[in-house]
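One structure is given here, and the rest of the page talks about it.
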Amino acid sequence: GAGVSQTPSNKVTEKGKYVELRCDPISGHTALYWYRQSLGQGPEFLIYFQGTGAADDSGLPNDRFFAVRPEGSVSTLKIQRTERGDSAVYLCASETSSGGNEQFFGPGTRLTVL
Amino acid sequence: QKEVEQNSGPLSVPEGAIASLNCTYSDRGSQSFFWYRQYSGKSPELIMSIYSNGDKEDGRFTAQLNKASQYVSLLIRDSQPSDSATYLCAVNRSGYSTLTFGKGTMLLVSP
């Protein structure tokens, strides 16, 4: 079946601009996670959705970052007033509802802030 | 102490050898443990999960967990050049649904 999809695959923007990154999870997966990965590092947690609600947003670095999942499927990560330090690969993962906490990642969006 | 620690490598092994990748974690209450493989420029791919002490085998891969020592390892038998990648250890800490990742170990398998 189809895996997790993310769009765009690459996004180049200028400092101060607003960006939206989209994640479409595996069909039927109720849990959705956003991570951020910088070069040479492991993914770092940003926010976790169970259904439509954000169950844990403790990883969001500041209030410029926000994410929604209005219908419990597709999620959008929104970054306002982008900074050069926001440049990274943004990864989305979804988790099977049968338990086990196995998370499956999408291909990621590489964000470059100039 | 970092929550999940891995040797960054690179770990170099010849084709056909056993590659041993190690990971330690700090939260003694951690419940679930995962190994992901990440090729350069690609996203992490789940290859093994382990939840209880002991060994779990899947093809050429064996995951080993020792909760008393807070240690999890991944063995790759008959290593192939296509196994060359960064291997990420991830831990599900107690009380959290999210995963905490190590920085990864780069494995290089030479023909």
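With respect to the conditions (1) away from chain B (no Cβ under 14 Å); (2) over 19 Å from B:E3 (Cα atoms); (3) under 14 Å from the mean Cα position of the chain (by Cα), A:G28 falls short on a single one, namely (3). Which one is nearest to B:L99 (Cα to Cα) among residues in the stretch A:56-107 that are within 14 Å of chain B (Cβ to nearest Cβ), acidic (D, E) and in a loop (DSSP other than H, G, I, E, B)? In this case the residue turns out to be A:E102.
Condition test on A:F45, is it open to solvent by 10 Å² or more (accessible area, probe 1.4 Å) and either out of contact with any helix residue (DSSP H, G or I) (no Cβ under 7 Å at 6 or more places or on another chain) or farther than 23 Å from B:E45 by Cα (or both)? In short, yes. From the list B:Q64, B:Q70, the one residue that fits, being at positive phi, more than 10 Å from chain A (Cβ to nearest Cβ), modelled with pLDDT of 95 or more and open to solvent by less than 70 Å² (accessible area, probe 1.4 Å), is B:Q70. B:S82: among the polar types (S, T, N, Q), within 30 Å of A:T7 (Cα to Cα), in a loop (DSSP other than H, G, I, E, B) and open to solvent by 70 Å² or more (accessible area, probe 1.4 Å), yes or no? Spelling it out, it is not the case that B:S82 is among the polar types (S, T, N, Q), within 30 Å of A:T7 (Cα to Cα), in a loop (DSSP other than H, G, I, E, B) and open to solvent by 70 Å² or more (accessible area, probe 1.4 Å).
Could we say that A:R110 is touching a residue at least 24 places away in the same chain (Cβ under 8 Å) and not in a strand (DSSP E or B) here? No, not satisfied. Among the conditions (1) touching a Gly at 6+ places or on another chain (Cβ under 8 Å); (2) closer than 14 Å to A:L77 by Cβ, A:T30 misses just one, which is (2). The stretch B:4-43 holds strands (runs of 3 or more DSSP E) entirely within its bounds, and those carrying 3 or more residues that are at pLDDT 95 or above, of a type outside the set (D, E) and open to solvent by 40 Å² or more (accessible area, probe 1.4 Å) map to B:11-14, B:19-25.
The values are calculated or read from the model by the stated rules, or taken from the named source; none is laboratory data. Everything numeric in this text was worked out from a predicted model, so none of it was measured. As a convention, Cβ positions derive from the backbone with ideal geometry for all residues, glycine included, and neighbour counts pool all protein chains shown. The accessibility values were calculated without ligands, DNA or RNA, using every heavy atom of the protein model including side chains. Shrake-Rupley method; radii C 1.70, N 1.55, O 1.52, S 1.80 Å.
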